[in-house]
1. Could you check residue 82 against (1) part of a helix (DSSP H, G or I); (2) more than 24 Å from residue 19 (Cβ to Cβ) and say which number it fails?
2. Whether any residue in region 41-58 is at pLDDT 90 or above, open to solvent by less than 70 Å² (accessible area, probe 1.4 Å) and closer than 16 Å to residue 125 by Cβ is what I want to check.
3. Pairs please, first residue from region 63-76 and closer than 15 Å to residue 93 by Cα, second anywhere and open to solvent by 40 Å² or more (accessible area, probe 1.4 Å) and not small (Gly, Ala, Ser), Cβ atoms under 7 Å, 6+ apart in sequence or on different chains.
4. For region 88-171, which strands (runs of 3 or more DSSP E) that fit wholly inside it have 3 or more residues that are touching a residue at least 40 places away in the same chain (Cβ under 8 Å)?
5. Among 20, 70, which is modelled with pLDDT of 90 or more and loosely packed, with under 13 Cβ neighbours inside 10 Å?
6. Run residue 144 past the list (1) open to solvent by less than 60 Å² (accessible area, probe 1.4 Å); (2) acidic (Asp, Glu); (3) over 15 Å from residue 24 (Cα atoms) and report the number of the one that doesn't hold.
7. Does residue 104 qualify as being over 11 Å from the mean Cα position of the chain (by Cα), open to solvent by 10 Å² or more (accessible area, probe 1.4 Å), modelled with pLDDT under 90 and not β-branched (Val, Ile, Thr)?
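The values are calculated or read from the model by the stated rules, or taken from the named source; none is laboratory data. These numbers come from a predicted model, not from an experiment. A quick note on method: Cβ atoms are made from the backbone with ideal geometry, for glycine too, and the neighbour counts reach across all protein chains shown. When the accessible area is computed, the model is the full protein with side chains, heavy atoms only, and any ligands, DNA or RNA have been set aside. Shrake-Rupley method; radii C 1.70, N 1.55, O 1.52, S 1.80 Å.
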Amino acid sequence: EITSLGMARTFQNIRLFPTMTVLENVMIGRHCRTSAGIAGAVFQDSRTKAEEQATIDRSYELLREVGLNMHYQDEARNLSYGAQRRLEIARALAAVLLLDEPAAGMNPQETLELKSLILHLRKEFDLSILLIEHDMGMVMSLSDRIYVMEYGSRIAMGTPQEVRENPRVIKAYLGESDHA
């Protein structure tokens, strides 16, 4: 229901369909945006065929945006870890993109590539992105507004600069310096 309202997310732990192709994984993410019901699937009328082709075309376009179009026939499980993350993002692209720890488990190069991809997608698709992430460098470089939580309570909000200078954030996450 939430996805049909235009919101999709990724998960900290990758949740792809490993034996489906890369293209099929993205098509699954687009399925909630189609209107053909059971009758359309069974009888394959011209409207259903056109909608299916549009889903294939849009899914392939999203794969091109995240740099995976050359892998469209590969099974998702055969992609590298970083490529699987990008596939999840392609599948989730919607009006609001929710990214839960997208850089978790990535090496520094993969994190840089992911950051670049997120910036590109935000600009290209005019997306709002909700990012939950522990990599503060990534958070600071991607965010316009930041909300900082500690034990389930918000302790700060503001621009990256405001959050970086907030005494409660420094105390909670960076530690206080010794005053001699």
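1. Failed condition: (2).
2. Within region 41-58 (the criterion being at pLDDT 90 or above, open to solvent by less than 70 Å² (accessible area, probe 1.4 Å) and closer than 16 Å to residue 125 by Cβ), the answer is no, since none of the residues qualifies.
3. 63/72; 65/124; 66/86; 67/86; 68/86
4. On the way: elements: 96-100, 128-132, 146-150, 153-158.
Those strands (runs of 3 or more DSSP E) span 96-100.
5. 70
6. Looking at each condition in turn, residue 144 falls short on (1).
7. Taking the combined requirement at face value, the residue satisfies it.
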